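Notes to accompany the following structure.
The values are calculated or read from the model by the stated rules, or taken from the named source; none is laboratory data. Remember, predicted model here, so these are calculated numbers, not experimental data. No Cβ is skipped: glycine too gets one built from the backbone with ideal geometry, and neighbour counts run over all protein chains shown. What goes into the accessible areas is simple: the full protein's heavy atoms, side chains included, and nothing from ligands, DNA or RNA. Shrake-Rupley method; radii C 1.70, N 1.55, O 1.52, S 1.80 Å.
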Amino acid sequence: MRGATGTLAEIETQLLALDPPILLLEIAIPPGVTTAPGSRLSLSATHAKLGDHCLQWDHAPNAQLRVEGDLKFVASDYEPGLDQSLMGVVPMFSMWVYNETPVNESMLVEFGRGERTDCSFSFRLNFRGWRTCWVRYGYDTVGTPAQGMDRITFTAPARNGRLWIDQLAKNIPMRPDNATPDFQVPEIQRSITTNDNYHWLGLVDYWRQLSGPGFDTSPATPGEIEAAATVRSRLLVRLRGAHPLTEADVDALESRLMELGIPQLADPDATGTALVPAGPGSLVDGFQSAVLPRDLLASLTATAAIVPMLSVCDVTLAVARAWDSAVAAGDTAAADRTADMYLRLTAHLQDQGWGLGSAQGTIHHVGYQYLGWASSLLLAEPLLRERRIWEPIRDAVAWYCGAGRMTNDFS
């Protein structure tokens with residue numbers, strides 16, 4: 001369940017009192033947040049990343065959204081190439097953006113003093129759902145950041161459109177090795193291939209390697225197909241439920257989804273890209289809450305429905321097991337209920353930005369968290385194929401596991 005507005009209002013006031021503030025965009029549009037004539041700003045409950053509302057920006061072609069206020073920028077001593085874990089913190093910008101219509105265009109984000117622009121970066125809009133970015137001032141931006149920067153400007157693409165923005169953090173301290181490049185900001189963390197944590201954060205590079213030299217794209221041989229089928233059948237035996245499914249089991253799973261804030265489907269019979277949540281749900285948190293102040297995190301978790309990625313993925317596997325068991329037993333009622341639950345979980349994960357090309361700000365050690373989700377695909381593949389969403393979910397898991405690293409020489 002999502003949090004009570006009164007409590008969220010109190011937390012929003014505390015976040016706005018930070019120097020510089022974090023914009024929760026829950027109760028009111030803060031002073032200094034404006035857009036150009038011909039465009040419109042409003043608070044919307046259609047989508048929300050943290051809380052029940054976010055900022056909706058209906059923009060004209062090339063329109064600008066300005067966020068005024070001192071960014072409190074102070075340069076860091078960190079030098080790329082040094083031991084990142086021992087180099088303290090760097091100043092970093094973060095935001096969440098929701099897009100309903102993927103386009104091959106970008107939103108320009110600029111930082112400056114008055115009308116002067118000091119540095120900038122581009123945020124690509126080739127996605128549907130929520131996406132975030134963790135961008136380090138001076139290390140991931142074009143240009144040179146300067147003390148006294150007091151303005152952020154977002155410039156929309158050259159067309160009419162609508163975007164939603166939430167949890168905008170003007171400047172937060174973060175370890176320099178956390179920011180992860182993805183399809184929205186592929187140019188950040190330029191030294192990623194030589195960093196100590198490349199094995200976790202190199203997802204863009206790994207994805208490119210899938211189509212690069214060294215990856216065998218020739219058809220699988222009959223022997224390889226037979227061997228893979230043997231491995232698959234053994235994994236299915238290991239994954240399948242050990243006891244018959246009962247109605248109480250299904251009821252317990254339904255309750256667990258409610259506890260985790262998994263929304264209903266907008267259309268339970270939908271297929272493909274039309275399979276979306278009916279409304280906002282919980283924030284599925286791997287390490288994304290790291291941008292929030294620690295002293296407020298407990299309150300935000302309780303009131304704004306922040307739930308662990310591990311918990312969501314574990315219940316995803318449990319639901320897949322239940323669906324597989326119901327289908328095998330010919331229990332149509334239980335199969336229908338558990339299919340709806342699995343599709344709700346899948347749609348919510350996709351909507352939350354757990355999809356191909358999204359690094360969620362940082363993806364460090366995510367493998368320990370999404371194991372249940374990845375394993376569930378073996379059981380739920382027939383359902384996902386029936387609803388025409390197998391490919392994007394398969395690709396999402398391949399992205400997070402860094403499938404392209406199979407081309408690497410580990411000898």
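The table below gives the values:
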| read-out | value |
| --- | --- |
| Exposure ranking of Y139, Y98 by accessible area [1.4 Å probe, largest first] | Y139, Y98 |
| Dipole axis of the chain (+1 Lys, Arg; -1 Asp, Glu on Cβ), positive-most option in A274, W390, H59 | H59 |
| Of all DSSP beta bridges in the chain, antiparallel share, percent nearest 5 | 95 |
| Reciprocal mean inverse distance between Cα atoms of the chain - Kirkwood radius, Å | 22.6 |
| Top positive-direction residue, dipole computed over the chain with Cβ charges, set F73, P186, A334 | P186 |
| Debye, to nearest 20: dipole size of the stretch 12-68, +1 on Lys, Arg Cβ, -1 on Asp, Glu Cβ | 200 |
| The stretch 329-411, dipole about Cα centre (Lys/Arg Cβ +1, Asp/Glu Cβ -1), debye to the nearest 20 | 80 |
| Per-peptide average of other Cβ atoms within 10 Å, ordering 129-135, 173-179 highest first | 129-135, 173-179 |
| Y368/A229 FRET efficiency (R0 35 Å; Cβ-Cβ; nearest 0.05) | 0.80 |
| Listed peptides 351-362, 196-207 by packing density, highest first (mean Cβ within 10 Å) | 351-362, 196-207 |
| Taking the chain and dividing mean pair separation by its residue count, relative contact order in percent (alpha carbons under 8 Å, at least six apart) | 19 |
| Sorted peptide list for 49-56, 322-329, criterion being average Cβ within 10 angstrom, highest first | 49-56, 322-329 |
| Net charge dipole size for the chain [Lys, Arg +1 and Asp, Glu -1 on Cβ; Debye, nearest 20] | 420 |
| Dipole axis of the stretch 294-411 (+1 Lys, Arg; -1 Asp, Glu on Cβ), positive-most option in A322, L296, A374 | L296 |
| Accessible surface of the chain, 1.4 Å probe, proportion on carbon and sulfur as whole % | 55 |
| Contact order relative to length of the stretch 89-227, as percent, for alpha carbon pairs under 8 angstrom and 6 or more apart | 28 |
| Geometric extent, Cα atoms of the stretch 286-411 - Rg, Dmax (angstrom) | 16.3, 51 |
| Accessible area of the chain divided out per residue, in Å², using a probe of 1.4 angstrom | 44 |
| Förster-model FRET efficiency, 41 Å R0, R190 and S255, C-beta, rounded to 0.05 | 0.30 |
| The stretch 124-161 residues near the modelled R113 label - backbone nitrogen below 14 Å, point 7 Å along Cα→Cβ | 144-151 |
| Loop GluC sites (Glu not before Pro), the stretch 27-133 (other Cβ atoms within 10 Å of the site Cβ: 14 or fewer; DSSP) | E100, E105, E115 |
| The stretch 128-234: proportion of alpha-carbon pairs further apart than 16 angstrom, % | 74 |
